[in-house]
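Visitor: Take this structure, written in structure tokens, and hold onto it; I'll ask about it next.
The values are calculated or read from the model by the stated rules, or taken from the named source; none is laboratory data. Computed from a predicted model, the values in this text were never measured in an experiment. FYI the Cβ positions are ideal-geometry reconstructions off the backbone, even for glycines, and counts take in every protein chain you see. Protein only, heavy atoms only, side chains kept; ligands, DNA and RNA dropped before computing areas. Shrake-Rupley method; radii C 1.70, N 1.55, O 1.52, S 1.80 Å.
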Amino acid sequence: MASNDDIVPGFNEEKDDSLRITLERPEESSACIILYLNGYIDTYNSAFFQKRVQAVVEAGYANLIFNCAALNYVSSTGIGSFTAFLKLVKPKGGDIVLLDIQPKVYEVFQLLGFSQFFNIKDNLSDAIAFFRQDFAEDSEIFPKVFACPVCAKKLKAIKPGRFRCSECKSILAIDSKGEVSVG
């Protein structure tokens, strides 16, 4: 496996004991990069986190998969960092996928209402497939207008994922076929 500095020159120049980031280019797709996060993200290390991810984007990677399996805490400042990354990669035609989020970390995303803005996947193959250009069927299904299954509020989803109903605050999921479920 290539080292971080082989993938993004100078990436390991700065380190933080509270958050370790390991980079990997998946063999299945050159269109994205995986960032393995180990530790926590809070007010004190968010600047470090933002600088490291910005270096990845400046190296030419706009499709980011954050593997959060070993990420055990994210503060609201950390959520703000992920939001900043979205604003950084979207103009470059990129996007972000969050992978293997621990329940207590996902709860922070939900409580702050940010789970609807991020693509959250349960496994690496789904995360990589999200970035493949051969998903033209999404453009036929999305945007999709539907009624919340809990309160019947009319909602619009622009892509598959999880989000919160603006009326009843229920967590909803919509899959790539446009099927809506609670949770």
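Visitor: Work out how much length Asp126 to Ala2 would gain on full extension: take 0.36 nm times their residue separation and subtract the Cα-Cα distance, in nm to one decimal.
Guide: My answer for the length gained is 42.4 nm.
Visitor: What is the packing order of peptides 30-36, 170-176, taking the mean over residues of other C-beta atoms within 10 Å and listing the highest first?
Guide: 30-36, 170-176
Visitor: Applying the Karplus parametrisation 6.51 cos²θ - 1.76 cosθ + 1.60 with θ = phi - 60° to the phi angles of the stretch 91-102, what ³J(HN,Hα) value in whole Hz is obtained for each residue in order, glycine and proline being reported as x?
Guide: So the J values, rounded to whole Hz, are x, 8, x, x, 7, 10, 10, 9, 10, 6, 6, 5.
Visitor: In square angstrom, what is the accessible area per residue of the stretch 1-130 with a 1.4 angstrom probe?
Guide: 47
Visitor: Still on this structure, I have one more. Place a point 7 Å from the Cα of Gln102 along the Cα-to-Cβ direction; which residues of the stretch 72-88 have their backbone N under 13 Å from it?
Guide: 72-75
Visitor: As an exercise, use a Förster radius of 30 Å and the Cβ-Cβ distance of Glu58 and Val150 to find the FRET efficiency, rounded to the nearest 0.05.
Guide: E between Glu58 and Val150, to the nearest 0.05, is 0.10.
Visitor: FRET efficiency for Ala70 and Cys168, Cβ-Cβ distance as r, R0 = 30 Å, nearest 0.05?
Guide: After rounding to 0.05, the efficiency reads 0.35.
Visitor: When the convex hull of the C-alpha atoms of the stretch 72-119 is computed, what volume per residue in Å³ does it have?
Guide: 68
Visitor: Of the accessible area of the stretch 50-183, with the probe set at 1.4 angstrom, what percent is carbon plus sulfur?
Guide: Exposed carbon and sulfur together represent 51 percent of the surface.
Visitor: Now for a different question. Classify the stretch 1-159 from the C-alpha gyration tensor, please: rounded if a/c falls under 1.5, else prolate or oblate depending on whether a/b exceeds b/c.
Guide: Oblate, since a/c reaches 1.5 and b/c is not below a/b.
Visitor: Further, regarding this structure: In the full protein assembly as shown, how much of Arg25 is accessible to a 1.4 Å probe, in Å² to the nearest 10?
Guide: Per-residue accessible area (Arg25): approximately 120 Å².
Visitor: Accessible area of Asp100, 1.4 Å probe, to the nearest 10 Å²?
Guide: Approximately 70 Å² of Asp100 is accessible to the 1.4 Å probe.
Visitor: For the chain, what is the charge dipole size about the Cα centre, in debye to the nearest 20, if Lys and Arg each add +1 at the Cβ and Asp and Glu each add -1 at the Cβ?
Guide: 860
Visitor: Please work out the Kirkwood hydrodynamic radius for the stretch 1-87, using every pair of different C-alpha atoms, and report it in angstroms with one decimal place.
Guide: Computed over the stretch 1-87, the radius equals 13.1 Å.
Visitor: Still on this structure, I have one more. Can you say what percent of the DSSP beta bridges in the chain, counting only those with both residues inside, are antiparallel? Round to 5.
Guide: Rounded to the nearest five, the antiparallel share is 55 percent.
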